[in-house]
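The values are calculated or read from the model by the stated rules, or taken from the named source; none is laboratory data. Keep in mind the model is a prediction, meaning the values are calculated, not measured. Note that we place each Cβ from the backbone using ideal geometry, even for glycine, and neighbour counts take in every protein chain shown.
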Amino acid sequence: MTDIYVIKRNGSREVLDLEKFHKVVMWACDDIKGVSPSEIELKSHVQFYNNIESADIQETLIKAAADLISEETPNYQYVAGRLINYHLRKQVYDNYTPDHLYNHVKRIVDLGFYTKELLEWYTHEEFHQMQSFIDHSRDEYLTYAAMEQFRGKYLVQNRATKEIYETPQTAYMLIAATLFHSYGNNRMQWIKDAYNAFSNFDVSLPTPVMSGVRTPVKQFSSCVLIETDDSLESINATSSSIVKYVSKKAGIGIGAGSIRALGQPIRGGDATHTGVIPFYKLFQASVKSCSQGGVRGGAATLYFPIWHLEIEDLLVLKNNKGTEDNRVRHLDYGVQFNKLMYQRLMEGGNITLFSPNEVPEMYDAFFIDNDKFEDLYERAERSTKLTKKTIPAIELFSAFLQERKDTGRIYLMNVDHANSHGAFVPELAPVRQSNLCCEIDLPTKPLQSDDDEDGEISLCTLAAINWGNIKTPADFEKPALIAVRALDALLDYQEYPVGAAERSTMNRRPLGVGIINFAYWLAKHDTNYSDPNLELIDEWAEAWSYYLIKASADLAVEKGACPKNSETKYGQGTTPHMTYKSDVDELVAPKDRLDWPGLVYQLQETGIRNSTLMALMPSETSSQISNATNGIEPPRSFVSIKQSKDGILKQVVPEYRRLKNKYELLWDQKSPEGYLKIMAVLQKYIDQGISVNTSYNPQHYEEEKIPLSEMLRHLVMFYKYGGKQLYYFNTYDGATDEMEPPAHSYEGQPLPDEEDCESCKI
């Protein structure tokens, strides 16, 4: 047999020694049940060729192990993860043993990939302390999907040459060190606690934080909310701000509902307006002008009211019919509703469409006061001076649902609930839009120019708590404390490309802490989505919310309340579980289990440090890192497959062998009703929103068609229980994970992966 030669990392050439790779595979399989080193070797050897590089052999072994991941053999995900870890350490440190933290940091600072502040903040002795905290063995228990996400997205690297400069535990330690560098004499304990919370996956961090904190980059807010006014100056300022934030890794929410309709007079009647579509195209171009920090493509959701005069044309902007002239397909859209719109639907009435510029007072009332809006709306309907059009409510709702179903990405926002059950006093700080992924509810104010000091761009910085790691409700206290303090410190550390964003953030200090591993938590507690134990969910959600609020209230005592505390309901001593819709009590009886009176008193006396604290965001990427189920969502299969730019990633649900019969898969659910009831109970305790998806399997319906009446019923149900935002509409298309479906399989046009955004999919 002809010898096969290997090109080593240093460029030298030697005969392939299979025994070396056998030892690596044996090590990777050590103490892992249900795996076979010989199976991996058999799969990989056939792919070896003469003059193969040693790095390519490692990648071949990794792929061979990954290909073996299945329901029958789930533990190959850990073998593949170890093989990546071995390969990665060789790349980063030239051997398997990591360098001492100080030496490593100094080297990477000199290369320009770590911020030099790390060496200014900490002494050599403190780096030695941090070195003693690091447990590099935790990398050996990361899954294949986790390690692939780390080396593809999170680890500091030269994205041009693909050279990676760190390993996961080093990244977690330096993130903790960066976030808590200002904590004075006791900062080393905070760093240790934060490192353990991050690396043990009690607290999950978002993509901008994971990839950016410890580097010279200093913009880490996941979500940016920008509102435009009805003027060219404001539209141009909005477009400019979009570009600046898309380039800094942020996902964008655009509030564009106030732009006047087609044919409205401009310049005192000198010309007529071109309509909103050309300006939406401008925003689309701004979003797509650059990638989000080289990590992902830009993405945005644009919001407008259901009663906008151009609504019939706006609802179809994303579908694959029509021409480029009348479509703007590379944005997502959020359509805004309130109580009156649902009343018109239920009563079989009409919805009258208006151009916002003709009814500015009504447009403002839409977000602030349902009664005032209804009065102004009915007056506008009677007016003979306004441009308007009347459409049966059922037709408009049906058109909305049809487009939502066909594209998957026409979203919903109930603006009255976002304000009545939100964190802010609507009369002082109304919420007029949401973000890209429909979970952030923060006040905005349009910029009239690039340097407008009166405008307000809202940012939200995200994290999540891993419910799967929590043993009792009382155990939320510590991760809540770490999450709030880490994110609050981040607000002061990061930089702000636009002054309007810095002023808003410093005044309101908003955070959004969510949930991951919820499906695993349900399975562990012997309950599911279709028939959930709502009382148990209520008890845990209460504790999760209470300890987050308590952490921020205590921080306010220590560091001061946010400057605009008076514009929050917290500042009045009102917590989310005091403002939810009472209809939820039909689902689970109200019960206070914790010291809410004491917390309310504290809020009234010393205020809140952070105007918002909760938001349930998508969490696909960090769930893979944590080997957790995706956010609050049910798994689509026991072995999920995610297509990414780095290839296909397989992940097995936690404790698959023990809990297989306890998990309820997404497409096994007969309807989304149980899931929506869970969201209603969770929303009780949340000051912002939830990225709520509606998912339907046509196989559960006659002729495999989802009835419009069913979708309408769920829409009304969602409103009845206080729902704020609806995100994706998922439709089962019959594909299995083994068939490697597109990232989003919807009826209608499949959307490419680069149009998705992971800025808040933490």
Original post:
What number of residues within region 657-667 satisfy the criterion of being touching a Phe, Trp or Tyr at 6+ places or on another chain (Cβ under 9 Å) and surrounded by 15 or more Cβ atoms within 10 Å (Cβ to Cβ)?
Top reply: 6
Subject >> Odd one out for SER289, checked against (1) surrounded by 14 or more Cβ atoms within 10 Å (Cβ to Cβ); (2) in contact (Cβ under 8 Å) with a residue 40 or more places away in the chain; (3) within 25 Å of SER240 (Cα to Cα) >> reply: (1)
Subject >> Selection from region 27-75 of residues that are over 36 Å from the mean Cα position of the chain (by Cα) and of a type in the set (Asp, Glu) >> reply: GLU39, GLU41, GLU53
Original post:
Quick one: what pairs do we get from region 106-131, first residue without any contact (Cβ under 8 Å) to a residue 24 or more places away in the chain, second in a loop (DSSP other than H, G, I, E, B), C-beta under 7 Å, 6+ apart or different chains?
Top reply: VAL109/LYS116
Original post:
Does ALA474 fit the bill of being over 18 Å from the mean Cα position of the chain (by Cα) and either closer than 25 Å to VAL557 by Cβ or not in a helix (DSSP H, G or I) (or both)?
Top reply: yes
Original post:
All but one of (1) under 21 Å from the mean Cα position of the chain (by Cα); (2) of a type outside the set (S, T, N, Q); (3) surrounded by 24 or more Cβ atoms within 10 Å (Cβ to Cβ) hold for ARG485; which doesn't?
Top reply: (3)
**OP:** Kindly establish whether VAL246 is free of Cβ contacts under 8 Å to residues at least 60 places away in the same chain and under 19 Å from the mean Cα position of the chain (by Cα).
**Re:** yes
Original post:
Looking only at helices (runs of 4 or more DSSP H) that fall completely inside region 2-121, which ones have 2 or more residues that are modelled with pLDDT of 90 or more and buried (at least 21 other Cβ atoms within 10 Å of the Cβ)?
Top reply: 18-29, 54-67, 76-93, 101-111
**OP:** Identify the residue in region 310-348 that is of a type in the set (S, T, N, Q), surrounded by fewer than 21 Cβ atoms within 10 Å (Cβ to Cβ) and in contact (Cβ under 8 Å) with a residue 60 or more places away in the chain and, among all such residues, is farthest from PHE279 (Cα to Cα).
**Re:** ASN320
**OP:** Pairs only if they're at least six apart or on different chains, beta carbon under 7 angstrom, first in region 466-481 and at pLDDT 95 or above, second acidic (Asp, Glu) and not in a helix (DSSP H, G or I); list them, first residue then second.
**Re:** ASN466/ASP202; ASN469/ASP202; PRO479/ASP202
Subject >> One residue from GLU502, GLU495 being surrounded by fewer than 23 Cβ atoms within 10 Å (Cβ to Cβ), farther than 17 Å from VAL213 by Cβ and either in contact with a helix residue (DSSP H, G or I) (Cβ under 9 Å, 6 or more places away or on another chain) or free of Cβ contacts under 8 Å to residues at least 40 places away in the same chain (or both) >> reply: GLU502
Original post:
in contact with a Gly (Cβ under 8 Å, 6 or more places away or on another chain) and part of a helix (DSSP H, G or I), is that true of GLN336?
Top reply: no
**OP:** Identify the single condition in (1) closer than 29 Å to TRP27 by Cα; (2) under 31 Å from the mean Cα position of the chain (by Cα); (3) not charged (D, E, K, R) that THR115 does not satisfy, given that it satisfies every other one.
**Re:** (1)
Subject >> Close pairs (8 angstrom Cβ cut-off, 6 or more residues apart or separate chains): outside any strand (DSSP E or B) in region 349-368, among the polar types (S, T, N, Q) and at pLDDT below 95 anywhere >> reply: SER355/GLN264; ASN357/GLN264; GLU358/GLN264
**OP:** Check every one of the helices (runs of 4 or more DSSP H) wholly within region 649-736 and list those with 1 or more residues that are in contact with a helix residue (DSSP H, G or I) (Cβ under 8 Å, 6 or more places away or on another chain) and aromatic (Phe, Trp, Tyr).
**Re:** 708-720
Subject >> Selection count where residues are more than 18 Å from ILE440 (Cα to Cα) and not in a helix (DSSP H, G or I), scope region 191-218 >> reply: 10
**OP:** Would you check if there is a residue in region 629-647 being crowded, with 24+ Cβ neighbours inside 10 Å, farther than 22 Å from ILE62 by Cβ, among the small types (Gly, Ala, Ser) and in contact with a helix residue (DSSP H, G or I) (Cβ under 7 Å, 6 or more places away or on another chain)?
**Re:** yes
Subject >> Yes/no for ASP67 being within 24 Å of SER137 (Cβ to Cβ) and of a type outside the set (Val, Ile, Thr) >> reply: no
Original post:
Which one of the conditions (1) in contact with a helix residue (DSSP H, G or I) (Cβ under 7 Å, 6 or more places away or on another chain); (2) without any contact (Cβ under 8 Å) to a residue 60 or more places away in the chain does LEU262 fail to meet, given that it meets all the rest?
Top reply: (1)
